[in-house]
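One structure is given below, encoded as C-alpha coordinates.
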Amino acid sequence: MKNQGRYGQFGGYYVPEVLMPVLEEMEQAFERYRDDEGFCRELAVLLKDYAGRPTPLYRSEAISKRVGAEVLLKREDLMHGGAHKLNNTLGQGLLAKYMGKRKLIAETGAGQHGLATATIGALMGMEVKIFMGVTDIERQMPNVQKMKIMGAEVIPVTGASGTLKDAINEALRYWTSHVDDTFYVFGTAAGPHPYPTVVRHFQRIIGDETRRECLERFGRLPNVVTACVGGGSNAIGMFAAFIDDKDVRLVGVEAAGYGLDSGKHACTLQKGKIGVLHGAKSYLLQDENGQVIESHSVSAGLDYPGVGPEHSLLKDIGRAEYVGATDDEVLDTFLYLSRAEGIFPAFESAHAVAWVISQAGKFNADDIIVINLSGRGDKDVDAFIKYRPEAAQ
Ligand SMILES: *Cc1c(COP(=O)(O)O)cnc(C)c1O
(Lines give C-alpha, C1' and ligand atoms only; values in the text may rest on other atoms or scores of the structure.)
Protein backbone atom coordinates (compact mmCIF):
# COMPACT_ATOMS: atom_id res chain seq x y z
CA MET A 1 0.00 0.00 0.00
CA LYS A 2 1.18 3.45 -0.98
CA ASN A 3 2.27 5.19 2.22
CA GLN A 4 0.75 2.40 4.33
CA GLY A 5 -1.78 4.86 5.63
CA ARG A 6 0.65 6.81 7.78
CA TYR A 7 -0.22 10.10 9.39
CA GLY A 8 3.27 11.09 10.49
CA GLN A 9 4.32 8.27 12.80
CA PHE A 10 0.65 7.32 13.41
CA GLY A 11 -1.76 4.97 11.66
CA GLY A 12 -0.55 2.00 9.64
CA TYR A 13 -2.01 -1.48 9.75
CA TYR A 14 -1.03 -3.71 12.61
CA VAL A 15 -3.26 -6.68 11.79
CA PRO A 16 -2.97 -10.46 11.39
CA GLU A 17 -1.43 -11.53 8.08
CA VAL A 18 -4.76 -12.94 6.82
CA LEU A 19 -6.35 -9.49 6.84
CA MET A 20 -3.66 -7.85 4.68
CA PRO A 21 -5.15 -8.95 1.31
CA VAL A 22 -8.70 -7.85 2.17
CA LEU A 23 -7.50 -4.46 3.45
CA GLU A 24 -5.53 -4.03 0.23
CA GLU A 25 -8.54 -5.08 -1.84
CA MET A 26 -10.58 -2.50 0.02
CA GLU A 27 -8.00 0.25 -0.49
CA GLN A 28 -7.87 -0.46 -4.21
CA ALA A 29 -11.67 -0.42 -4.48
CA PHE A 30 -11.82 2.83 -2.54
CA GLU A 31 -9.21 4.47 -4.80
CA ARG A 32 -11.10 3.23 -7.85
CA TYR A 33 -14.60 4.31 -6.82
CA ARG A 34 -14.12 7.40 -4.65
CA ASP A 35 -14.21 9.68 -7.73
CA ASP A 36 -16.07 7.30 -10.02
CA GLU A 37 -18.98 9.10 -11.64
CA GLY A 38 -21.55 6.33 -11.12
CA PHE A 39 -20.52 5.71 -7.51
CA CYS A 40 -20.56 9.40 -6.63
CA ARG A 41 -23.93 9.96 -8.28
CA GLU A 42 -25.49 7.02 -6.44
CA LEU A 43 -24.05 8.17 -3.10
CA ALA A 44 -25.15 11.77 -3.69
CA VAL A 45 -28.75 10.67 -4.32
CA LEU A 46 -28.77 8.58 -1.13
CA LEU A 47 -27.29 11.42 0.93
CA LYS A 48 -29.89 13.85 -0.41
CA ASP A 49 -33.11 11.87 -0.73
CA TYR A 50 -32.62 9.16 1.89
CA ALA A 51 -30.50 10.86 4.54
CA GLY A 52 -31.77 14.43 4.12
CA ARG A 53 -28.58 16.31 3.25
CA PRO A 54 -27.46 19.02 3.14
CA THR A 55 -27.99 19.57 6.86
CA PRO A 56 -28.72 23.16 7.95
CA LEU A 57 -26.18 25.56 9.42
CA TYR A 58 -28.27 27.20 12.14
CA ARG A 59 -27.34 30.43 13.93
CA SER A 60 -28.07 30.04 17.63
CA GLU A 61 -29.18 33.42 18.93
CA ALA A 62 -28.97 32.19 22.52
CA ILE A 63 -25.40 30.87 22.40
CA SER A 64 -24.25 33.81 20.25
CA LYS A 65 -25.47 36.25 22.91
CA ARG A 66 -24.06 34.21 25.73
CA VAL A 67 -20.52 33.91 24.37
CA GLY A 68 -20.34 37.18 22.43
CA ALA A 69 -19.71 35.86 18.90
CA GLU A 70 -21.61 34.48 15.91
CA VAL A 71 -22.26 30.86 16.88
CA LEU A 72 -23.60 28.41 14.30
CA LEU A 73 -24.68 24.81 14.75
CA LYS A 74 -24.05 22.32 11.93
CA ARG A 75 -27.20 20.24 12.35
CA GLU A 76 -26.05 16.65 11.79
CA ASP A 77 -28.71 15.79 14.37
CA LEU A 78 -31.32 16.43 11.66
CA MET A 79 -30.01 13.66 9.40
CA HIS A 80 -31.91 10.37 9.12
CA GLY A 81 -31.01 8.30 12.16
CA GLY A 82 -30.26 11.45 14.14
CA ALA A 83 -26.46 11.55 13.84
CA HIS A 84 -23.54 11.85 11.44
CA LYS A 85 -22.91 8.07 11.47
CA LEU A 86 -25.03 7.44 8.37
CA ASN A 87 -22.64 9.50 6.16
CA ASN A 88 -20.05 6.81 6.77
CA THR A 89 -22.26 3.70 6.63
CA LEU A 90 -23.91 4.81 3.37
CA GLY A 91 -20.45 5.32 1.85
CA GLN A 92 -18.97 2.05 3.09
CA GLY A 93 -22.17 0.12 2.30
CA LEU A 94 -22.09 1.37 -1.28
CA LEU A 95 -18.39 0.50 -1.51
CA ALA A 96 -19.21 -3.04 -0.32
CA LYS A 97 -21.91 -3.27 -2.98
CA TYR A 98 -19.51 -2.13 -5.73
CA MET A 99 -16.98 -4.70 -4.46
CA GLY A 100 -19.62 -7.43 -4.75
CA LYS A 101 -19.73 -8.18 -1.01
CA ARG A 102 -23.18 -9.09 0.22
CA LYS A 103 -22.52 -9.52 3.95
CA LEU A 104 -21.71 -6.76 6.40
CA ILE A 105 -20.27 -6.90 9.88
CA ALA A 106 -19.77 -4.01 12.29
CA GLU A 107 -18.87 -3.30 15.90
CA THR A 108 -20.92 -1.12 18.14
CA GLY A 109 -20.56 0.35 21.63
CA ALA A 110 -23.55 2.47 22.53
CA GLY A 111 -25.38 1.10 19.52
CA GLN A 112 -25.33 4.16 17.25
CA HIS A 113 -22.96 2.70 14.66
CA GLY A 114 -24.73 -0.67 14.90
CA LEU A 115 -27.99 1.09 14.13
CA ALA A 116 -26.51 3.03 11.22
CA THR A 117 -25.13 -0.23 9.77
CA ALA A 118 -28.41 -2.10 10.31
CA THR A 119 -30.11 0.82 8.53
CA ILE A 120 -28.03 0.54 5.36
CA GLY A 121 -28.22 -3.27 5.52
CA ALA A 122 -32.00 -2.97 5.32
CA LEU A 123 -31.76 -0.31 2.61
CA MET A 124 -29.28 -2.23 0.44
CA GLY A 125 -30.63 -5.71 1.11
CA MET A 126 -27.50 -7.06 2.78
CA GLU A 127 -27.05 -9.48 5.66
CA VAL A 128 -25.79 -7.70 8.78
CA LYS A 129 -24.05 -9.02 11.88
CA ILE A 130 -23.38 -6.54 14.70
CA PHE A 131 -20.78 -7.38 17.36
CA MET A 132 -21.66 -5.84 20.70
CA GLY A 133 -20.28 -6.28 24.21
CA VAL A 134 -22.60 -8.01 26.70
CA THR A 135 -22.37 -5.07 29.10
CA ASP A 136 -23.38 -2.68 26.31
CA ILE A 137 -26.24 -4.96 25.21
CA GLU A 138 -27.67 -4.73 28.73
CA ARG A 139 -27.19 -0.95 28.88
CA GLN A 140 -28.52 -0.22 25.40
CA MET A 141 -31.49 -2.57 25.00
CA PRO A 142 -33.67 -0.18 22.91
CA ASN A 143 -30.89 0.09 20.30
CA VAL A 144 -30.45 -3.69 20.28
CA GLN A 145 -34.17 -4.07 19.63
CA LYS A 146 -34.11 -1.50 16.82
CA MET A 147 -31.22 -3.30 15.11
CA LYS A 148 -33.10 -6.59 15.30
CA ILE A 149 -36.33 -5.07 13.97
CA MET A 150 -34.34 -3.83 10.95
CA GLY A 151 -33.20 -7.41 10.38
CA ALA A 152 -29.66 -7.37 11.80
CA GLU A 153 -28.25 -10.14 13.95
CA VAL A 154 -26.71 -8.91 17.20
CA ILE A 155 -23.81 -11.06 18.40
CA PRO A 156 -23.02 -10.75 22.12
CA VAL A 157 -19.32 -10.44 22.93
CA THR A 158 -17.92 -11.34 26.31
CA GLY A 159 -14.41 -10.21 27.15
CA ALA A 160 -12.49 -8.12 29.62
CA SER A 161 -15.28 -5.57 30.01
CA GLY A 162 -17.93 -6.54 27.47
CA THR A 163 -17.72 -3.14 25.80
CA LEU A 164 -16.65 -1.55 22.53
CA LYS A 165 -12.98 -2.56 22.69
CA ASP A 166 -13.94 -6.25 22.99
CA ALA A 167 -16.57 -5.90 20.25
CA ILE A 168 -13.95 -4.55 17.79
CA ASN A 169 -11.51 -7.35 18.65
CA GLU A 170 -14.20 -9.97 18.07
CA ALA A 171 -15.39 -8.40 14.81
CA LEU A 172 -11.77 -8.40 13.52
CA ARG A 173 -11.38 -12.03 14.63
CA TYR A 174 -14.60 -13.07 12.85
CA TRP A 175 -13.49 -11.19 9.74
CA THR A 176 -10.22 -13.15 9.50
CA SER A 177 -12.21 -16.31 8.67
CA HIS A 178 -14.85 -14.65 6.44
CA VAL A 179 -12.85 -12.25 4.26
CA ASP A 180 -14.16 -13.61 0.96
CA ASP A 181 -17.77 -12.51 1.15
CA THR A 182 -17.80 -10.11 4.12
CA PHE A 183 -17.17 -6.37 4.34
CA TYR A 184 -16.32 -4.87 7.73
CA VAL A 185 -18.10 -1.50 8.11
CA PHE A 186 -15.88 0.30 10.63
CA GLY A 187 -17.55 3.01 12.70
CA THR A 188 -15.00 5.75 13.20
CA ALA A 189 -11.87 7.30 11.70
CA ALA A 190 -9.59 4.83 13.50
CA GLY A 191 -8.61 1.18 12.94
CA PRO A 192 -6.12 -0.15 10.38
CA HIS A 193 -5.46 1.55 7.06
CA PRO A 194 -7.47 2.30 4.92
CA TYR A 195 -10.29 2.93 7.44
CA PRO A 196 -9.09 6.30 8.79
CA THR A 197 -8.84 7.58 5.20
CA VAL A 198 -12.13 6.01 4.07
CA VAL A 199 -14.15 7.29 7.04
CA ARG A 200 -12.61 10.77 6.74
CA HIS A 201 -13.58 10.84 3.07
CA PHE A 202 -17.21 9.92 3.67
CA GLN A 203 -17.56 12.30 6.66
CA ARG A 204 -15.87 15.19 4.90
CA ILE A 205 -19.22 16.28 3.48
CA ILE A 206 -19.86 17.89 6.91
CA GLY A 207 -16.92 20.26 6.50
CA ASP A 208 -17.44 20.80 2.76
CA GLU A 209 -21.06 21.90 3.28
CA THR A 210 -20.06 24.12 6.21
CA ARG A 211 -17.34 25.79 4.20
CA ARG A 212 -19.59 26.45 1.21
CA GLU A 213 -22.41 27.76 3.38
CA CYS A 214 -20.09 30.10 5.32
CA LEU A 215 -18.60 31.55 2.14
CA GLU A 216 -22.07 32.07 0.67
CA ARG A 217 -23.56 33.62 3.76
CA PHE A 218 -20.65 35.60 5.23
CA GLY A 219 -18.20 35.83 2.35
CA ARG A 220 -15.49 34.38 4.59
CA LEU A 221 -14.45 31.24 6.43
CA PRO A 222 -15.28 30.60 10.09
CA ASN A 223 -12.72 31.63 12.72
CA VAL A 224 -13.22 28.47 14.78
CA VAL A 225 -14.69 25.06 14.00
CA THR A 226 -15.21 22.64 16.83
CA ALA A 227 -16.47 19.09 17.29
CA CYS A 228 -16.46 16.36 19.91
CA VAL A 229 -13.87 13.60 19.58
CA GLY A 230 -14.56 9.95 20.36
CA GLY A 231 -12.80 7.89 17.70
CA GLY A 232 -12.74 11.15 15.80
CA SER A 233 -14.98 10.74 12.73
CA ASN A 234 -17.35 13.70 13.08
CA ALA A 235 -14.43 15.94 14.05
CA ILE A 236 -12.19 14.89 11.15
CA GLY A 237 -15.17 15.20 8.79
CA MET A 238 -15.53 18.83 9.86
CA PHE A 239 -11.77 19.61 10.10
CA ALA A 240 -10.82 18.03 6.75
CA ALA A 241 -12.30 20.92 4.76
CA PHE A 242 -10.32 23.51 6.75
CA ILE A 243 -6.93 21.93 7.51
CA ASP A 244 -5.18 23.92 4.75
CA ASP A 245 -6.73 27.20 5.94
CA LYS A 246 -4.22 28.03 8.64
CA ASP A 247 -6.33 30.88 10.03
CA VAL A 248 -9.22 28.59 10.93
CA ARG A 249 -8.83 27.29 14.50
CA LEU A 250 -9.67 23.59 14.81
CA VAL A 251 -10.76 22.53 18.29
CA GLY A 252 -11.55 18.93 19.23
CA VAL A 253 -13.36 18.37 22.50
CA GLU A 254 -12.74 15.11 24.33
CA ALA A 255 -14.70 13.62 27.19
CA ALA A 256 -13.08 14.66 30.47
CA GLY A 257 -15.50 12.52 32.49
CA TYR A 258 -15.34 13.41 36.17
CA GLY A 259 -12.57 15.90 35.37
CA LEU A 260 -8.93 15.54 34.42
CA ASP A 261 -7.75 15.64 38.04
CA SER A 262 -10.28 13.08 39.28
CA GLY A 263 -7.93 10.12 38.89
CA LYS A 264 -10.45 8.55 36.48
CA HIS A 265 -9.33 7.98 32.92
CA ALA A 266 -10.39 10.18 30.05
CA CYS A 267 -9.05 12.48 27.32
CA THR A 268 -7.04 10.14 25.13
CA LEU A 269 -5.21 12.88 23.22
CA GLN A 270 -4.34 14.96 26.26
CA LYS A 271 -3.49 12.14 28.68
CA GLY A 272 -2.73 9.14 26.52
CA LYS A 273 0.57 7.68 25.43
CA ILE A 274 1.50 6.37 22.00
CA GLY A 275 0.60 2.74 21.45
CA VAL A 276 -1.15 0.31 19.10
CA LEU A 277 -4.85 -0.54 19.38
CA HIS A 278 -7.22 -2.09 16.84
CA GLY A 279 -4.66 -2.13 14.07
CA ALA A 280 -3.26 1.40 14.25
CA LYS A 281 -0.67 3.42 16.13
CA SER A 282 -2.10 6.42 17.91
CA TYR A 283 -2.50 8.03 21.32
CA LEU A 284 -4.04 5.59 23.71
CA LEU A 285 -5.12 5.43 27.36
CA GLN A 286 -2.80 2.88 28.94
CA ASP A 287 -1.19 2.05 32.26
CA GLU A 288 2.55 1.89 33.05
CA ASN A 289 2.70 -1.62 31.58
CA GLY A 290 1.09 -0.59 28.33
CA GLN A 291 -2.23 -2.25 29.17
CA VAL A 292 -5.19 -0.42 27.66
CA ILE A 293 -7.39 1.12 30.32
CA GLU A 294 -11.10 1.75 30.07
CA SER A 295 -12.18 5.34 29.75
CA HIS A 296 -15.10 6.88 31.57
CA SER A 297 -17.66 9.32 30.18
CA VAL A 298 -21.36 10.06 30.74
CA SER A 299 -21.55 9.82 26.97
CA ALA A 300 -21.25 6.23 25.75
CA GLY A 301 -20.29 7.36 22.25
CA LEU A 302 -17.08 9.01 23.50
CA ASP A 303 -16.09 6.12 25.73
CA TYR A 304 -13.20 4.78 23.65
CA PRO A 305 -9.61 4.51 24.94
CA GLY A 306 -8.11 5.16 21.50
CA VAL A 307 -8.46 7.88 18.85
CA GLY A 308 -8.01 8.14 15.09
CA PRO A 309 -4.37 8.52 13.95
CA GLU A 310 -4.87 11.78 12.05
CA HIS A 311 -5.97 13.51 15.25
CA SER A 312 -2.75 12.34 16.92
CA LEU A 313 -0.79 13.95 14.10
CA LEU A 314 -2.84 17.17 14.12
CA LYS A 315 -2.18 17.42 17.84
CA ASP A 316 1.57 16.79 17.55
CA ILE A 317 2.07 19.33 14.76
CA GLY A 318 -0.10 21.83 16.61
CA ARG A 319 -2.63 22.22 13.77
CA ALA A 320 -5.58 21.30 15.99
CA GLU A 321 -6.14 21.92 19.70
CA TYR A 322 -7.67 19.27 21.91
CA VAL A 323 -9.53 20.23 25.05
CA GLY A 324 -11.97 18.52 27.40
CA ALA A 325 -15.47 18.94 28.79
CA THR A 326 -16.58 17.21 31.99
CA ASP A 327 -19.74 15.16 32.58
CA ASP A 328 -21.13 18.01 34.70
CA GLU A 329 -20.57 20.60 31.98
CA VAL A 330 -22.24 18.25 29.49
CA LEU A 331 -25.34 17.79 31.67
CA ASP A 332 -25.57 21.58 32.20
CA THR A 333 -25.27 22.11 28.45
CA PHE A 334 -27.91 19.49 27.66
CA LEU A 335 -30.38 21.35 29.87
CA TYR A 336 -29.28 24.76 28.60
CA LEU A 337 -29.70 23.94 24.90
CA SER A 338 -33.02 22.19 25.57
CA ARG A 339 -34.40 25.31 27.26
CA ALA A 340 -32.68 28.02 25.19
CA GLU A 341 -33.21 26.49 21.73
CA GLY A 342 -35.60 23.54 22.11
CA ILE A 343 -32.82 21.23 20.90
CA PHE A 344 -31.71 18.09 22.77
CA PRO A 345 -28.03 17.71 21.88
CA ALA A 346 -26.53 14.21 22.02
CA PHE A 347 -24.32 14.00 25.12
CA GLU A 348 -21.38 13.58 22.70
CA SER A 349 -22.19 16.77 20.79
CA ALA A 350 -22.88 18.66 24.04
CA HIS A 351 -19.13 18.43 24.77
CA ALA A 352 -18.39 20.76 21.86
CA VAL A 353 -21.19 23.15 22.83
CA ALA A 354 -19.94 23.14 26.45
CA TRP A 355 -16.45 24.15 25.36
CA VAL A 356 -17.76 27.08 23.29
CA ILE A 357 -19.87 28.26 26.23
CA SER A 358 -16.80 28.02 28.50
CA GLN A 359 -15.05 30.49 26.18
CA ALA A 360 -17.64 33.25 26.71
CA GLY A 361 -16.05 36.69 26.38
CA LYS A 362 -12.88 35.35 24.75
CA PHE A 363 -13.97 35.77 21.10
CA ASN A 364 -14.34 38.92 19.00
CA ALA A 365 -17.97 39.94 18.44
CA ASP A 366 -17.85 39.18 14.71
CA ASP A 367 -15.97 35.89 15.03
CA ILE A 368 -17.79 33.00 13.37
CA ILE A 369 -17.78 29.86 15.51
CA VAL A 370 -19.15 26.64 14.02
CA ILE A 371 -20.08 23.77 16.34
CA ASN A 372 -20.66 20.37 14.79
CA LEU A 373 -23.85 19.16 16.44
CA SER A 374 -23.08 15.54 15.65
CA GLY A 375 -26.35 14.02 16.87
CA ARG A 376 -29.65 14.46 18.63
CA GLY A 377 -30.07 13.78 22.32
CA ASP A 378 -33.41 11.94 22.44
CA LYS A 379 -31.39 8.78 23.17
CA ASP A 380 -29.90 10.49 26.24
CA VAL A 381 -33.08 11.76 27.89
CA ASP A 382 -33.40 8.79 30.28
CA ALA A 383 -29.78 9.14 31.40
CA PHE A 384 -30.18 12.88 31.79
CA ILE A 385 -33.21 12.44 34.06
CA LYS A 386 -31.27 9.96 36.17
CA TYR A 387 -28.55 12.58 36.83
CA ARG A 388 -30.82 15.65 36.95
CA PRO A 389 -34.30 14.48 38.08
CA GLU A 390 -35.23 18.01 39.16
CA ALA A 391 -35.20 19.17 35.51
CA ALA A 392 -38.41 17.22 34.76
CA GLN A 393 -40.34 18.14 37.89
C1 LIG B 1 -20.67 7.94 17.75
C2 LIG B 1 -20.91 9.37 18.01
C3 LIG B 1 -19.87 10.27 18.30
C4 LIG B 1 -18.44 9.85 18.47
O5 LIG B 1 -17.84 9.29 17.36
P6 LIG B 1 -16.78 10.07 16.46
O7 LIG B 1 -16.26 9.01 15.58
O8 LIG B 1 -15.74 10.64 17.36
O9 LIG B 1 -17.53 11.12 15.73
C10 LIG B 1 -20.17 11.61 18.45
N11 LIG B 1 -21.44 12.06 18.37
C12 LIG B 1 -22.48 11.22 18.12
C13 LIG B 1 -23.86 11.79 18.05
C14 LIG B 1 -22.25 9.86 17.93
O15 LIG B 1 -23.29 9.04 17.68
Rank these by accessible area, largest first, 1.4 Å probe: 102, 75.
102, 75
The chain: relative contact order from alpha carbon pairs under 8 Å, six or more residues apart, as a whole percent, is 20
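May I ask for the net charge around residue 67, where only other residues with Cβ less than 15 Å from the Cβ of residue 67 are counted and Lys, Arg are +1 while Asp, Glu are -1?
Details: positive: 59, 65, 66, 249, 362; negative: 61, 70, 329, 332, 341, 366, 367.
Residues near residue 67 contribute -2 overall.
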If one takes the longest principal axis of the Cα atoms in the chain, at what angle in degrees, from 0 to 90 and to the nearest 10, does the Cα axis of helix 347-358 lie?
30
Normalising by the residue count of the range 181-246, find the relative contact order in percent from Cα pairs under 8 Å and 6+ residues apart.
38
Taking the alpha-carbon centre of each part, the distance from the range 115-187 to the range 226-262 in Å is 26
Mind ranking 288, 390, 42, 127 by accessible surface for me, highest first, 1.4 Å probe?
288, 390, 127, 42
I want the local charge near residue 217. Using Cβ-Cβ distances under 14 Å, sum +1 for each Lys or Arg and -1 for each Asp or Glu among the other residues.
0
Rolling a 1.4 Å sphere over the protein heavy atoms, what is the accessible area per residue of the range 1-98, to the nearest Å²?
45
For every helix of n ≥ 4 consecutive DSSP H residues, a contribution of -39,500 (n - 2.57) applies; sum these over the chain, divide by its total residues, and give [θ] at 222 nm rounded to the nearest 500 deg cm²/dmol.
-12000 deg cm²/dmol
Where the range 185-242 is the region considered: accessible area per residue in Å², 1.4 Å probe
24
Spatial extent of the chain: Rg and Dmax, with the Cα atoms as the point set, Å
19.6, 59
Using a 1.4 angstrom probe, figure out how much accessible area the range 275-324 has per residue, in square angstrom, rounded to the nearest whole.
35
What percentage of the solvent-accessible surface of the chain, computed with a 1.4 Å probe over protein heavy atoms, is contributed by carbon and sulfur atoms?
48
So what's the net charge close to residue 42: Lys and Arg +1, Asp and Glu -1, counting the other residues with Cβ under 12 Å from its Cβ?
0
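The values are calculated or read from the model by the stated rules, or taken from the named source; none is laboratory data. Owing to the predicted nature of the structure, the values given are computational and were not obtained by experimental measurement. Using ideal geometry, Cβ is built from the backbone for each residue, glycine included, and neighbour counts are taken over all protein chains shown. Areas reflect the complete protein model, heavy atoms only, side chains present, ligands, DNA and RNA absent. Shrake-Rupley method; radii C 1.70, N 1.55, O 1.52, S 1.80 Å.
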